[in-house]
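Novice: Below is one structure. I have some questions about it.
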Amino acid sequence: MNSFYVFSGKKIKRVFLLIVAALFAAGIVYVESDNITVFSEGSPSAIYSIPTDKKVVALTFDISWGDKRTQPILDILQQKGLKKATFFLSSPWSKTHTETVKKMVEAGYEIGSHGHKHVNYSSLNDDEIRKQISTAHQMLSEITGKEPNLIRMPNGDFDKRVLRIAEQLNYKVIQWDTDSLDWKNIGADNITKRVIDRAHPGDIILMHASDSSKQTHLALPAIIDQLRAKGYEFVTVSELIQQTEMKNKTIQDQ
């Protein structure tokens, strides 16, 4: 007697999903900012944090537009005696705010690139990616008198092509482990709590000094005070990288 097995559509779908889940679980998965990124050996890397037991963190500020938010943040850093921070600047903003950029350099803050056009570089072809990074490099070098070697891509967006081209242009791609969410304007107290709750040794903390982030300067004093109270020292991203070997997270695709 022959046996017949009847599978319903729901059962077939369930089996299919289980197979896909098993295959996906076989890789190494990292979740960052609600995106799932799969990592593989042998590809260029992005730096999210540094593995260290030393209580050091890097405050980083992205700037792509605006006239109102940057100076208050610089004033707070000066008032708090915080001389170590990294600013990732878009080149168009830097060109129209050269005096502010020069103040940052004179104060000893580290300048990294935030690219030229504020678009997702993963949507561009290879030549355009190279052009965007190179254009920003030239403009920032002329304004600051130093050649930047750190870059945070606009919107934190990249794929393996972007990483490869950045590496060819002698750049390290810098991401973050702690997102303050100041860009969402969730309230100064919430921004502070989020950073303090998530900060850890070797952390790179993402903040913004563009006009759209209206509460960063309100949260910043408490963030500095509370991290110091916990024994943290502030360093630049480059100094953080020098603390120990980089925590490489190699990207296959994003």
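The values are calculated or read from the model by the stated rules, or taken from the named source; none is laboratory data. Since the model is a prediction, treat every value here as computed from it, not as a measurement. When we count neighbours, we look across all protein chains shown, and the Cβ atoms used for this are built from the backbone with ideal geometry, even at glycine. Each accessible area value is taken on the protein alone, full model and side chains, heavy atoms only, with ligands, DNA and RNA left out. Shrake-Rupley method; radii C 1.70, N 1.55, O 1.52, S 1.80 Å.
Novice: Spin-label point model (7 Å from Cα, Cβ direction): what's the residue 242 to residue 102 distance in nm?
Specialist: Between residue 242 and residue 102, the label points sit 2.7 nm apart.
Novice: Related question: Please turn the phi angles of region 66-77 into ³J(HN,Hα) values with the Karplus equation 6.51 cos²θ - 1.76 cosθ + 1.60 (θ = phi - 60°), one per residue in order, whole Hz, x for glycine and proline.
Specialist: x, 10, 9, 9, 5, 4, x, 5, 4, 4, 5, 4
Novice: R0 = 51 Å: FRET efficiency of residue 186 with residue 131, Cβ-based, nearest 0.05? Walk me through the numbers on the way to the answer.
Specialist: On the way: r = 36 Å, r/R0 = 0.70.
My answer for the efficiency is 0.90.
Novice: Show the residues, 5+ positions off or on another chain, whose built amide H is closer than 5 Å to the amide H of residue 113.
Specialist: HN-HN under 5 Å from residue 113: 89, 150, 151, 152.
Novice: Relative contact order for region 139-228: what is it in percent, counting Cα pairs under 8 Å that are at least 6 residues apart?
Specialist: On the way: 91 pairs, mean separation 22.5, N = 90.
Relative contact order, region 139-228: 25 percent.
Novice: How many percent of the accessible area of region 99-254 is carbon or sulfur, using a 1.4 Å probe? Spell out each step's value before the answer.
Specialist: On the way: 3050 of 7000 Å².
C and S atoms contribute 44 percent here.
Novice: So between residue 160 and residue 226, what do we pick up on full extension, going 0.36 nm a residue minus the alpha carbon distance? Walk me through the numbers on the way to the answer.
Specialist: Values: separation 66, 0.36 × 66 = 23.76 nm, distance 3.71 nm.
Gain on extension, residue 160 to residue 226, equals 20.0 nm.
Novice: Between residue 146 and residue 120, with labels modelled 7 Å along Cα→Cβ, what's the label distance in nm to one decimal, could you check?
Specialist: 3.3
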